[in-house]
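> Take this structure, written in C-alpha coordinates, and hold onto it; I'll ask about it next.
The values are calculated or read from the model by the stated rules, or taken from the named source; none is laboratory data. Predicted model only: the values in this text are computed from it and were never measured. Because the Cβ atoms are built from the backbone with ideal geometry, glycine has one as well, and the counts that use them run over all protein chains shown.
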Amino acid sequence: MEHDQRQHTRVDLSLETIYYAEDVIGDERDRMHYFGTITNMSKGGVGMVVGSPHEVNEELWLEGIGQSPMPLAGLVRWIRSYQGKYEMGLQFRSADA
(Lines give C-alpha, C1' and ligand atoms only; values in the text may rest on other atoms or scores of the structure.)
Protein backbone atom coordinates (compact mmCIF):
# COMPACT_ATOMS: atom_id res chain seq x y z
CA MET A 1 0.00 0.00 0.00
CA GLU A 2 1.33 3.44 -0.91
CA HIS A 3 1.86 5.88 1.98
CA ASP A 4 0.11 9.24 1.49
CA GLN A 5 2.39 12.01 2.78
CA ARG A 6 -0.17 14.83 2.59
CA GLN A 7 -0.61 16.88 5.74
CA HIS A 8 -3.95 18.43 4.74
CA THR A 9 -7.24 17.02 3.44
CA ARG A 10 -7.71 17.65 -0.26
CA VAL A 11 -10.84 18.42 -2.23
CA ASP A 12 -11.30 17.16 -5.80
CA LEU A 13 -12.37 19.80 -8.30
CA SER A 14 -11.88 21.02 -11.86
CA LEU A 15 -10.87 24.68 -11.91
CA GLU A 16 -9.16 26.34 -14.86
CA THR A 17 -6.50 28.82 -13.82
CA ILE A 18 -3.66 30.96 -15.09
CA TYR A 19 -0.25 30.60 -13.51
CA TYR A 20 3.19 31.93 -14.28
CA ALA A 21 6.90 31.37 -13.84
CA GLU A 22 9.41 34.20 -13.53
CA ASP A 23 12.80 34.44 -15.21
CA VAL A 24 15.18 36.93 -13.66
CA ILE A 25 18.00 38.21 -15.85
CA GLY A 26 20.02 40.94 -14.15
CA ASP A 27 17.51 43.55 -12.99
CA GLU A 28 14.82 42.38 -15.41
CA ARG A 29 11.93 40.06 -14.53
CA ASP A 30 10.13 38.24 -17.29
CA ARG A 31 6.87 36.36 -16.65
CA MET A 32 5.79 33.41 -18.78
CA HIS A 33 2.04 32.73 -18.35
CA TYR A 34 0.43 29.30 -18.72
CA PHE A 35 -3.04 27.77 -18.51
CA GLY A 36 -3.77 24.78 -16.31
CA THR A 37 -6.56 22.90 -14.57
CA ILE A 38 -6.50 22.40 -10.82
CA THR A 39 -7.73 18.86 -10.12
CA ASN A 40 -7.50 18.89 -6.34
CA MET A 41 -6.70 21.41 -3.63
CA SER A 42 -5.82 21.46 0.05
CA LYS A 43 -4.49 24.04 2.45
CA GLY A 44 -0.97 22.84 1.56
CA GLY A 45 -1.09 22.76 -2.24
CA VAL A 46 -2.78 21.74 -5.47
CA GLY A 47 -2.73 18.99 -8.03
CA MET A 48 -2.81 20.29 -11.61
CA VAL A 49 -2.92 19.17 -15.21
CA VAL A 50 -0.84 21.46 -17.42
CA GLY A 51 0.31 21.61 -21.03
CA SER A 52 3.95 22.50 -20.35
CA PRO A 53 6.54 20.55 -18.39
CA HIS A 54 8.17 22.16 -15.35
CA GLU A 55 11.12 21.22 -13.18
CA VAL A 56 10.87 19.82 -9.65
CA ASN A 57 11.45 22.69 -7.17
CA GLU A 58 10.57 25.29 -9.82
CA GLU A 59 8.65 28.20 -8.30
CA LEU A 60 5.29 28.95 -9.93
CA TRP A 61 2.69 31.60 -9.10
CA LEU A 62 -1.06 30.86 -9.16
CA GLU A 63 -3.49 33.70 -9.79
CA GLY A 64 -7.00 33.84 -8.31
CA ILE A 65 -6.41 31.17 -5.66
CA GLY A 66 -7.38 31.53 -2.03
CA GLN A 67 -8.73 34.67 -0.43
CA SER A 68 -5.91 37.03 -1.38
CA PRO A 69 -5.95 39.03 -4.62
CA MET A 70 -2.17 38.51 -4.76
CA PRO A 71 -0.67 35.55 -6.67
CA LEU A 72 0.16 32.55 -4.50
CA ALA A 73 3.67 31.05 -4.75
CA GLY A 74 4.28 27.33 -4.82
CA LEU A 75 6.98 24.81 -5.60
CA VAL A 76 6.65 21.92 -8.03
CA ARG A 77 7.11 18.79 -5.91
CA TRP A 78 6.52 16.19 -8.63
CA ILE A 79 5.54 16.02 -12.30
CA ARG A 80 4.69 13.19 -14.69
CA SER A 81 3.36 12.68 -18.20
CA TYR A 82 -0.44 12.37 -18.25
CA GLN A 83 -2.68 11.80 -21.31
CA GLY A 84 -0.55 13.95 -23.64
CA LYS A 85 -0.13 16.65 -20.97
CA TYR A 86 1.53 16.80 -17.56
CA GLU A 87 0.18 16.18 -14.08
CA MET A 88 2.01 17.91 -11.23
CA GLY A 89 1.83 18.54 -7.51
CA LEU A 90 2.47 22.08 -6.31
CA GLN A 91 3.16 22.81 -2.63
CA PHE A 92 2.21 26.31 -1.46
CA ARG A 93 5.04 28.36 -0.01
CA SER A 94 2.58 29.68 2.58
CA ALA A 95 -0.26 27.67 4.10
CA ASP A 96 -2.45 30.81 4.05
CA ALA A 97 -4.32 29.78 0.87
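> Do we have Val49 as surrounded by fewer than 17 Cβ atoms within 10 Å (Cβ to Cβ), modelled with pLDDT of 95 or more and hydrophobic (A, V, I, L, M, F, W, C) here? Spell out how you get there, then give the answer.
Working: surrounded by fewer than 17 Cβ atoms within 10 Å (Cβ to Cβ): yes; modelled with pLDDT of 95 or more: yes; hydrophobic (A, V, I, L, M, F, W, C): yes.
When the stated conditions are applied, Val49 passes them.
> Considering only residues that are touching a residue at least 40 places away in the same chain (Cβ under 8 Å), of a type in the set (A, V, I, L, M) and within 14 Å of Gly36 (Cα to Cα), look in the range 79-96 and name the one that is surrounded by the most Cβ atoms within 10 Å (Cβ to Cβ). Spell out how you get there, then give the answer.
Let us first name the residues in the range 79-96 that are touching a residue at least 40 places away in the same chain (Cβ under 8 Å), namely 87-92, 95.
Now restrict to residues that are of a type in the set (A, V, I, L, M): 88, 90, 95.
In the following step, the residues that additionally are within 14 Å of Gly36 (Cα to Cα) were identified as 88, 90.
Values: Met88: 24, Leu90: 29.
This residue is Leu90.
> Surrounded by fewer than 16 Cβ atoms within 10 Å (Cβ to Cβ) and outside any loop (DSSP other than H, G, I, E, B): which single residue out of Val24, Val76, Val56 fits that description? Break it down into steps so the answer makes sense when it comes.
Values: Val76 fails: surrounded by fewer than 16 Cβ atoms within 10 Å (Cβ to Cβ); Val56 fails: outside any loop (DSSP other than H, G, I, E, B).
Being surrounded by fewer than 16 Cβ atoms within 10 Å (Cβ to Cβ) and outside any loop (DSSP other than H, G, I, E, B) holds for just one of Val24, Val76, Val56, which is Val24.
> While we're on this one: With the structure loaded, tell me whether Glu63 is surrounded by 13 or more Cβ atoms within 10 Å (Cβ to Cβ), at pLDDT below 95 and of a type in the set (Asp, Glu) or whether it fails that test. Please lay out each step first, then the result.
Numbers: surrounded by 13 or more Cβ atoms within 10 Å (Cβ to Cβ): yes; at pLDDT below 95: yes; of a type in the set (Asp, Glu): yes.
For Glu63, the condition - surrounded by 13 or more Cβ atoms within 10 Å (Cβ to Cβ), at pLDDT below 95 and of a type in the set (Asp, Glu) - is met.
> Only one residue in Arg10, Arg80 is farther than 20 Å from Arg93 by Cβ, among the basic types (Lys, Arg) and either over 10 Å from the mean Cα position of the chain (by Cα) or at pLDDT 95 or above (or both), so which one is that? Spell out the reasoning first.
Details: Arg10 fails: farther than 20 Å from Arg93 by Cβ.
Going through Arg10, Arg80 in turn, just one is farther than 20 Å from Arg93 by Cβ, among the basic types (Lys, Arg) and either over 10 Å from the mean Cα position of the chain (by Cα) or at pLDDT 95 or above (or both): Arg80.
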